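In what follows, a structure is listed as structure tokens, so that the remarks can point back to it.
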Amino acid sequence: MNQVKVLKQDEFYCRILVTSESDYFGLDGLIELSGKLLSTNKTLGVKVANPSCKIYCMTDNHSNYMGIESRLSVETEMM
């Protein structure tokens, strides 16, 4: 069954990109990275691939989304 999530006005859906050069690359690294996210960042799924792994997450605080890149040295994209 497919589900559609309707985001509230204060919810943000984003993707965290982890390249092969990162210490967080691979399944173990993604698990470690997910544990370092703030509690307002809800991990919805991960994708392990080459050349980049991805974490899909949702947050209800825009400043927490903006701080991911600088705090954890990864790239993020708002979706």
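Of all the listed residues (Lys47, Lys54), the sole one being in contact with a strand residue (DSSP E or B) (Cβ under 9 Å, 6 or more places away or on another chain) and free of Cβ contacts under 8 Å to residues at least 24 places away in the same chain is Lys47.
Where residues in the range 1-24 are at pLDDT 90 or above and open to solvent by 70 Å² or more (accessible area, probe 1.4 Å), which of them is farthest from the chain's Cα centre (by Cα)? Checking each candidate, the answer is Glu21. Each residue in the range 25-37 was checked for being surrounded by 15 or more Cβ atoms within 10 Å (Cβ to Cβ) and free of Cβ contacts under 8 Å to residues at least 40 places away in the same chain, and 6 pass.
For the range 46-79: of the residues being assigned to a strand (DSSP E or B), more than 14 Å from Gly29 (Cα to Cα) and not β-branched (Val, Ile, Thr), which is least open to solvent (accessible area, probe 1.4 Å)? Taking the candidates together, the pick is Cys57.
Among the residues of the range 21-45, which ones are polar (S, T, N, Q) and either in a helix (DSSP H, G or I) or touching a Gly at 6+ places or on another chain (Cβ under 9 Å) (or both)?
Here is the first cut: in the range 21-45, the ones polar (S, T, N, Q) are 22, 34, 39-41, 43.
Result: Ser22, Ser34.
The values are calculated or read from the model by the stated rules, or taken from the named source; none is laboratory data. It should be emphasised that the depicted structure is a prediction, and the values quoted were computed from it without experimental measurement. Every residue, glycine among them, receives a Cβ derived from its backbone with ideal geometry; neighbour counts consider all protein chains shown. Heavy atoms of the whole protein, side chains included, go into the accessibility calculation; ligands, DNA and RNA do not. Shrake-Rupley method; radii C 1.70, N 1.55, O 1.52, S 1.80 Å.
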